[in-house]
Amino acid sequence: MQAFFKRIADASSFQNFVTAVILIAGVVVGIETYGHLAAKYEVALHWTNQVILGIFIVEIIVKMGAEGSKPWRFFKDPWNVFDFLIVALCLLPFGGSFVTVLRLLRVLRVLKLVTALPKLQILVGALLKSIPSMVYVSMLLGLLFYLYAVTATFMFSANDPIHFESLQMSMLSLFRVVTLEDWTDIMYINMYGCANYGYDGNEALCTASEGHPLGAAAFFCSFVLVGTMVILNLFIGVIMNGMDEASAEAEELLKANTEGRQSLAKDLQELNGKIADLQKSLASITIRAEHEATDHETALAAAKE
């Protein structure tokens with residue numbers, strides 16, 4: 001039975017079938033977001049979801065069966081644990097007011113596509129490996145945000161209360177600046193004063209217009225230069241480094257598996273050679289024994305005569 005399940009689990013046709021089912025699950029979840037379609041095809045969508053869930057359960061049974069008498073080894077692979085949790089959550093008896101929760105859990109089934117495509121596994125693995133380094137980069141970015149937000153609140157809160165009235169509003173505005181979303185408008189408001197730029201329709205909020213031509217330009221340009229051009233690019237560098245490490249590990253694993261298969265094939269070849277030699281020796285011994293038996297019978301017959 002283990003060989004049977006393992007043959008199915010390793011078959012490319014089975015893996016492609018599971019990938020297709022995952023894509024269908026994603027389409028079904030998308031259809032359910034349209035209320036009129038969900039109501040019109042409610043029964044069909046319900047049974048489609050049940051069939052998809054059943055296929056995912058069969059997939060887990062097959063993979064666990066491939067482990068033979070030690071099915072718990074299925075859980076040694078983190079991706080298998082991920083698949084199991086998604087299926088287990090979809091089996092929970094949600095109903096009534098928890099229908100929305102059930103629909104959200106169905107969305108998670110699309111994430112099984114990660115386990116079905118090795119390249120996506122490498123990408124997700126790279127992101128997970130990058131988390132420790134990204135934490136430190138985030139701390140550096142947070143420190144930069146805090147220092148600039150405090151400075152902006154002191155400098156621009158009177159002139160621009162919409163964006164810099166408080167520390168939290170200053171940090172939110174700086175987030176807009178660091179993403180380069182119309183950041184020049186915020187800069188010009190504080191360069192020319194709210195009475196001269198940007199407060200059309202909000203004149204009542206502009207009670208202390210004061211421009212900082214040089215200070216605002218230096219403040220926002222330096223923040224964009226450091227925050228966007230330097231620190232945000234550190235995130236890209238960290239992720240690319242994680243990608244290199246994950247790709248190297250995948251190549252090493254593939255190389256080890258290939259060498260293992262080659263070594264096994266070589267051992268099997270040597271064993272087959274030894275078996276062939278033993279068969280030749282056995283055949284020679286059998287022929288010799290037959291000749292000796294014939295000679296012995298001939299000698300006995302001659303002795304009787």
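The values are calculated or read from the model by the stated rules, or taken from the named source; none is laboratory data. As the structure is a computational prediction, the values presented were derived from the model and not from experiment. No Cβ is skipped: glycine too gets one built from the backbone with ideal geometry, and neighbour counts run over all protein chains shown.
Side notes on the structure shown:
- Which listed residue is more than 30 Å from LEU127 (Cα to Cα), in the same structural domain as SER133 (by TED's automatic domain parsing), among the aliphatic types (A, V, I, L, M) and at pLDDT 90 or above, from ALA149, ALA217: ALA217
- Helices (runs of 4 or more DSSP H) lying entirely in segment 161-200 (those with 3 or more residues that are over 16 Å from VAL150 (Cα atoms)): 183-192
- The single condition from (1) at pLDDT below 85; (2) in a helix (DSSP H, G or I); (3) under 27 Å from PRO118 (Cα atoms) that GLY68 fails is (2).
- Hey, THR228 surrounded by 12 or more Cβ atoms within 10 Å (Cβ to Cβ) and either touching a Pro at 6+ places or on another chain (Cβ under 6 Å) or under 30 Å from VAL124 (Cα atoms) (or both) or not: yes
- Near pairs, Cβ below 8 angstrom, 6+ apart or cross-chain, from segment 165-186 (over 17 Å from ALA216 (Cβ atoms)) to any residue that is outside any helix (DSSP H, G or I): SER166/SER157
- Only one of the numbered conditions (1) in a helix (DSSP H, G or I); (2) farther than 24 Å from VAL124 by Cβ; (3) not basic (Lys, Arg) is violated by PHE17, and that is (2).
- Selected residue (only one of LEU104, LEU128, LEU111 is more than 30 Å from LEU172 (Cα to Cα) and either touching a strand residue (DSSP E or B) at 6+ places or on another chain (Cβ under 6 Å) or at pLDDT below 80 (or both)): LEU111
- The residues in segment 129-160 that are touching a His at 6+ places or on another chain (Cβ under 8 Å) and farther than 15 Å from SER222 by Cβ can be counted, and the count is 1.
- Yes/no for MET134 being touching a residue at least 24 places away in the same chain (Cβ under 8 Å), within 18 Å of PHE235 (Cβ to Cβ), in a helix (DSSP H, G or I) and touching a helix residue (DSSP H, G or I) at 6+ places or on another chain (Cβ under 7 Å): yes
- Selection over segment 165-220 of residues that are surrounded by fewer than 13 Cβ atoms within 10 Å (Cβ to Cβ) and over 29 Å from LEU141 (Cβ atoms) gives a count of 8.
- Annotation note: of ILE24, ILE52, ILE8, the sole residue that is surrounded by 12 or more Cβ atoms within 10 Å (Cβ to Cβ) and free of Cβ contacts under 8 Å to residues at least 40 places away in the same chain is ILE24.
- Residue in segment 164-184 that is acidic (Asp, Glu) and within 20 Å of THR228 (Cα to Cα) present: yes
- Residue match in segment 28-39 (condition: under 21 Å from LEU91 (Cβ atoms), modelled with pLDDT under 85, under 20 Å from the mean Cα position of the chain (by Cα) and of a type outside the set (S, T, N, Q)): yes
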